[in-house]
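Heads up, the thing below is written out as structure tokens.
The values are calculated or read from the model by the stated rules, or taken from the named source; none is laboratory data. Just so you know, these numbers come straight off a predicted model, no measurement behind them. In this analysis, Cβ positions are derived from the backbone assuming ideal geometry, glycine residues included, and neighbour counts consider all displayed protein chains. Note: accessible area is taken over every heavy atom of the protein model, side chains too, but ligands, DNA and RNA are not part of it. Shrake-Rupley method; radii C 1.70, N 1.55, O 1.52, S 1.80 Å.
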Amino acid sequence: MKLKIALAVVVLTMSQGAWCNVLARESTNSTQKTTLMAQVTTRNAPETKIKWYGHAAFTITTPRGKVLMIDPWLKNPMNPEAKNGKEPLASIQKVDYILITHGHFDHVGDAVELAKKTGARLVTNLELGTNMAKVLGYPKQQMGLDTLMNIGGEIVIADGEVTVAMTPAIHSSSILNPNAGPNDPELIYGGNPAGFVLMIKNGPTIYHTGDTAYYRDMELIGERYAPDLALINIGGHFGMEPEMAAKAAVSVKAKLAIPQHFATFPVITQEPKTFANALEKEGVAYQLMQPGETISYKGRQLVEAK
């Protein structure tokens with residue numbers, strides 16, 4: 001009897017060991033299959049493209065081909081397409097939406113001319129949009145309650161492909177009055193300054209800070225959106241100093257930070273080294289783009305720079 005029990009224990013132990021080995025192999029195979037499927041899915045995913053024109057101006061082309069332009073000052077001196085007498089708007093054939101963070105000239109930029117050329121709808125705060133139509137001549141029919149919004153709100157655009165959230169920015173906002181007489185104010189109210197979070201279906205979540213200063217509640221942006229990409233103003237003087245810009249990247253839980261709004265004027269930060277060094281200390285990934293450069297995402301994964 002004791003011999004039978006001993007044999008049974010040996011057989012059971014061997015069976016358990018064999019079963020554990022089978023489970024381990026199946027688990028490994030399952031993990032490998034999942035990883036392979038993720039790689040194939042990423043490889044076959046349509047691209048989201050982000051192009052920087054210098055200063056705060058970006059275009060974002062969605063996987064379905066919708067073109068969103070943020071703070072479109074394309075004639076800024078950093079844009080290679082505006083140098084040596086070139087006309088930077090000449091190559092722009094398609095813009096579906098123009099998003100403007102606030103009213104200053106270096107963010108409103110060439111929005112009106114682009115809107116008239118492309119038919120782009122305006123996404124900004126209600127006051128700025130209304131005054132841009134009245135004073136600057138932005139086509140009134142290319143804005144409305146579907147695209148004019150305010151901080152804390154979210155709208156869905158691009159046939160449902162993009163959700164836009166407007167986030168707080170600590171800054172100021174006004175537009176130049178081209179019709180100002182001798183006794184008229186040079187600047188007109190531009191509503192509250194803001195940033196934007198863009199959540200792209202089958203693509204990344206992108207945060208553009210606008211010209212905000214750092215504020216502690218940026219952590220709420222991180223809690224809600226945790227952007228794959230943060231386009232962060234680092235110029236100082238009118239916005240965040242580089243060290244505080246790095247703190248902002250940490251607060252919003254950016255997976256990748258790209259500096260913008262620097263080196264355009266003599267009074268703002270001329271190079272991003274301080275920002276990059278601060279990000280390295282914080283353990284935040286960063287990439288330094290050159291004006292005119294494009295980066296691409298497949299799904300939510302960064303794949304290349306051009």
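Hey, Gly119 hits all of (1) under 22 Å from the mean Cα position of the chain (by Cα); (2) among the small types (Gly, Ala, Ser); (3) at positive phi but one; which does it fall short on? Looking at each condition in turn, Gly119 falls short on (1).
Determine whether the stretch 285-294 contains at least one residue that is open to solvent by 80 Å² or more (accessible area, probe 1.4 Å), out of contact with any strand residue (DSSP E or B) (no Cβ under 8 Å at 6 or more places or on another chain) and within 30 Å of Lys86 (Cα to Cα). No: the stretch 285-294 contains no residue that is open to solvent by 80 Å² or more (accessible area, probe 1.4 Å), out of contact with any strand residue (DSSP E or B) (no Cβ under 8 Å at 6 or more places or on another chain) and within 30 Å of Lys86 (Cα to Cα). Checking each residue in the stretch 254-278 for being of a type in the set (Phe, Trp, Tyr) and more than 22 Å from Leu302 (Cα to Cα) picks out Phe262, Phe265. Note on the stretch 267-306: residues that are of a type in the set (S, T, N, Q) and free of Cβ contacts under 8 Å to residues at least 12 places away in the same chain total 2.
Residue by residue, here is whether (1) open to solvent by less than 20 Å² (accessible area, probe 1.4 Å); (2) free of Cβ contacts under 8 Å to residues at least 24 places away in the same chain; (3) assigned to a loop (DSSP other than H, G, I, E, B) holds:
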site	(1), (2), (3)
Gly103	yes, no, yes
His107	yes, no, no
Leu114	yes, no, no
Val123	yes, no, no
Ala133	no, yes, no
Tyr138	yes, no, yes
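Scanning the stretch 178-230 for residues that are surrounded by fewer than 15 Cβ atoms within 10 Å (Cβ to Cβ) and of a type in the set (S, T, N, Q) yields Asn179, Asn183. For the criterion of being at pLDDT 95 or above, under 24 Å from Ile92 (Cα atoms) and buried (at least 19 other Cβ atoms within 10 Å of the Cβ), Thr264 passes.
The set of residues in the stretch 231-248 being touching an Asp or Glu at 6+ places or on another chain (Cβ under 7 Å) and crowded, with 24+ Cβ neighbours inside 10 Å consists of Asn233, Gly239, Ala246. Taken over the stretch 45-60, residues that are under 18 Å from Thr163 (Cα atoms) and within 14 Å of the chain's Cα centre (by Cα) amount to 6.
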